[in-house]
Amino acid sequence: MKYLPEDDTIVALSSPLGNGAIAVIRLSGSESLAAINPALKRPITAEDARRAIFNEIIDRSNEAVIDQVVTTYFRNPASYTGEDVVEISCHCNPLIIDRIIAQMVNNGARIAEPGEFTFRAFMNGKMDLSQAEAVAGIISARSRQSLTQSLRHLEGRLSERVFKIKDEILSYLSLLEINLDFSEEGIEVMPMEEMRRKIEDTITSICRFLDTYDYGRLLQEGIKLLILGKPNVGKSSLLNAFLEKDRAIVSNIPGTTRDYIEANLELDGLAVQAVDTAGIRDTEDQIEAIGVERALAQMETADVALCIFEGNEPLAADDKVLLELIDNHRETLHVIPVINKIDLGEDNTVTAALAALELPLIKISAKASTGIDDLKQAIKAQVFNDVSIESEEVVVTSARHKLALEKAIGSLENALSAIEIAAGEEILAVDIRLALDSLGEITGETTSEDVLNHIFANFCIGK
Ligand SMILES: Nc1nc2c(ncn2[C@@H]2O[C@H](COP(=O)(O)OP(=O)(O)OP(=O)(O)O)[C@@H](O)[C@H]2O)c(=O)[nH]1
Ligand SMILES: [Mg+2]
C-alpha cells in the first residue's frame, strides 16, 4: 500500500492555496499532539477535545510568533480519520502555512499523500469505500443534482442499498450451505426451484439499480450541448441568453464567430457545457472553413445539438446543409430544431419543413430571451427521455460501481445456469459467493489494493 507506514502522523494544508482569509492545516495520527504542542503557546491537552482555542504558533528556533491561529483537537476515535486530529486555522499566506507545516515536520509529522486522510478514515472504519468516493464527488460536483447524489452516497444510502442486496443473497446462500451440510442425509432445506426464483429476484433488483446509471452518469459528467446553424441565425445570441450575459460576440455580420466558444452553465441542476460554433456555410475564407470543420467535428462528442433556423425567411441553401446533418446524426445524438428570431415573424414554409422532421420543435427569440425556458425543458426531456427517477432515489453515478453490479449479475446468471444443468450445489455456492464479492467491491470489503490506490490517488492533498 502506497500510504505506508500507516501509523505515523501526517500533516497537510486542507484548504486551497491562493487568496483567502483563512487556511486550514490538518494533522492526523497518534502523535498529533506531540507534533504540534512544542510549537504552541498554549499546548493542547486531552480536556481540549472538540474545543476551538485561540492560540499562537511559535518558531522555536528563534521564539518568533509565526501566526495567531485557532486550534481544534478531535480526540480519537471521534474524528474524521478515527485518529487524533488537530485542525489549525491560520491566516492564509503561503509563507505562514509553510512555516507552520515545517514546525510539525520538525516534530516528527510527515507530509500527507493525496487522499491520505480519507484513506485513513476508510481503513479505520469511519466510512466505507463508496462513502470515501462520495467525499471526492462532493468536492468535484459541478451541478446541484450531482452534489445531492454525492451527499446521499456520503450518508451511506448507496451502501445501504448494496447491503440490502447482499443480505438477500446471504439469506439463500446460508440455506444452500445447510443443504450442502446435510446433502448426504438427503435433506434439502431449500428446493432448487425456490433457489432459482430467489436468484432471479436478486438479478431483477440489481438491474433496477443499474438502470439508474444512465441518469447518474449524466448528473456526474453533465452534458455537452452544441449550438449549430448557418451564419447570423443567432447562435451566439442564444449562448448569451443561456448565460444571461454577453459572453460571445454578437453582430449582424455573418461569420462573426470563427472558432467554437465553450461555456459552462447549469440547467435545472444539470451541468451543461454549451458550445457556440462558427456558422455553417460553404466558404472560400480559409479560416472560416476551419471553423466550420471544427463545428462539425464537435458533433461526434456532443449529447444534444440545437439546430438553429431563422423563422422569418425561407430556408436557404446553408439551412438545407443543416437539415442533411440532422438526418445523418439524429440516431447518434439528441437533435432539437429551433426557430429563432420569432419576434420578426414566422415563415410557414420553414415551420412546415422543420415540423416534418418529427422532432421537438422550439420557437424562441434569443434577442428578447423568450422561449428559452421551453428550450431548456426540451433539452432536459430529450436527455432524460425515458429515465424516470424518483427525486429521493439514490442512483449509481460511478463507472466502477456499475462494473461491480454487472459482475454480480454475471455471477448470478452463472448460478442460474448451474441450476439449469444440475451442476451441483458446490458450484452454485461458488457463483453466489462471487456475486457477493463483486458487491463488496463497491463498499470496499473486497476491493483490491490497486483499485484502492487508484481511487485515493485521485483525491487532492489534504483530503
Ligand atoms: N430580431 C432578432 N434578432 C436576433 C435574434 N437573435 C439574434 N439576432 C440578431 O441576429 C444577428 C446575428 O446574431 P449572432 O448571435 O451574432 O448570430 P450567429 O449565429 O452567432 O452568427 P455567426 O457567428 O456569424 O455565425 C445579430 O444582429 C443579432 O442581434 C432574435 O431573436 N431576434
Ligand atoms: Mg456567432
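Here are the numbers:
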item	result
Single residue of segment 297-314 satisfying the filter (out of contact with any strand residue (DSSP E or B) (no Cβ under 7 Å at 6 or more places or on another chain) and part of a loop (DSSP other than H, G, I, E, B)) that is surrounded by the fewest Cβ atoms within 10 Å (Cβ to Cβ)	PRO314
Of all residues in segment 348-368 being among the hydroxyl-bearing types (Ser, Thr, Tyr) and at pLDDT below 95, the one that is nearest to PHE309 (Cα to Cα)	THR351
Selection within segment 20-59 - in a loop (DSSP other than H, G, I, E, B), closer than 25 Å to GLU116 by Cβ and either modelled with pLDDT under 95 or out of contact with any helix residue (DSSP H, G or I) (no Cβ under 8 Å at 6 or more places or on another chain) (or both)	GLY20, SER30, GLU31, ARG50
Hits in segment 65-91 - residues which are farther than 17 Å from ARG42 by Cβ and in a strand (DSSP E or B)	PHE74, VAL85, HIS91
Some residue of segment 426-435 being in contact with a Leu (Cβ under 7 Å, 6 or more places away or on another chain), small (Gly, Ala, Ser) and loosely packed, with under 14 Cβ neighbours inside 10 Å	no
Counted residues, segment 11-59 - those being over 21 Å from ALA121 (Cβ atoms) and under 36 Å from the mean Cα position of the chain (by Cα)	9
Among residues of segment 239-261, those that are more than 6 Å from ligand 1 (Cβ to nearest atom), within 16 Å of ALA295 (Cα to Cα) and touching a strand residue (DSSP E or B) at 6+ places or on another chain (Cβ under 8 Å), counted	4
In segment 277-296, the residues that are within 13 Å of ligand 1 (Cβ to nearest atom) and either outside the structural domain of LEU322 (by TED's automatic domain parsing) or among the polar types (S, T, N, Q) (or both)	THR277, THR283
Residues being within 28 Å of LYS363 (Cβ to Cβ) and β-branched (Val, Ile, Thr) - total across segment 284-300	1
Pair list, Cβ < 6 Å and 6+ apart or interchain, from segment 246-270 residues that are in contact (Cβ under 8 Å) with a residue 24 or more places away in the chain and within 12 Å of LYS235 (Cβ to Cβ) to residues that are within 11 Å of ligand 1 (Cβ to nearest atom) and of a type in the set (Val, Ile, Thr)	ALA248/ILE261; THR256/ILE249; TYR260/THR277
Qualifying residue in segment 440-460 (condition: in contact with a His (Cβ under 7 Å, 6 or more places away or on another chain), farther than 30 Å from PHE242 by Cα and in a helix (DSSP H, G or I))	yes
Flag for ALA274 being in contact (Cβ under 8 Å) with a residue 40 or more places away in the chain, closer than 20 Å to PRO337 by Cα, within 14 Å of ligand 1 (Cβ to nearest atom) and assigned to a strand (DSSP E or B)	yes
Boolean, VAL350 is buried (at least 17 other Cβ atoms within 10 Å of the Cβ), among the β-branched types (Val, Ile, Thr) and under 34 Å from the mean Cα position of the chain (by Cα)	no
Residue match in segment 220-240 (condition: assigned to a helix (DSSP H, G or I), more than 16 Å from ligand 2 (Cβ to nearest atom) and not assigned by TED's automatic domain parsing to the domain that holds GLY424)	yes
Selection within segment 252-264 - within 12 Å of ligand 2 (Cβ to nearest atom) and closer than 25 Å to ASP374 by Cα	TYR260, ILE261
Qualifying residue in segment 265-278 (condition: within 23 Å of the chain's Cα centre (by Cα) and either within 16 Å of ligand 2 (Cβ to nearest atom) or over 22 Å from ASP374 (Cα atoms) (or both))	yes
Those residues of segment 334-374 which are part of a loop (DSSP other than H, G, I, E, B), out of contact with any Ser or Thr (no Cβ under 9 Å at 6 or more places or on another chain) and not acidic (Asp, Glu), in sequence order	GLY345, ALA356, LEU357, LEU359, PRO360, ALA368, SER369
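Every residue, every condition in (1) under 30 Å from ALA297 (Cβ atoms); (2) among the hydroxyl-bearing types (Ser, Thr, Tyr); (3) at pLDDT 95 or above; (4) within 23 Å of the chain's Cα centre (by Cα), yes or no:
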residue	(1), (2), (3), (4)
GLU155	no, no, no, yes
LEU158	no, no, no, yes
ILE169	no, no, yes, no
GLU194	no, no, no, no
ARG197	no, no, yes, no
THR204	no, yes, yes, no
GLY216	yes, no, no, yes
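The values are calculated or read from the model by the stated rules, or taken from the named source; none is laboratory data. Everything numeric here is computed off the predicted structure, so don't read it as measured data. Using ideal geometry, Cβ is built from the backbone for each residue, glycine included, and neighbour counts are taken over all protein chains shown.
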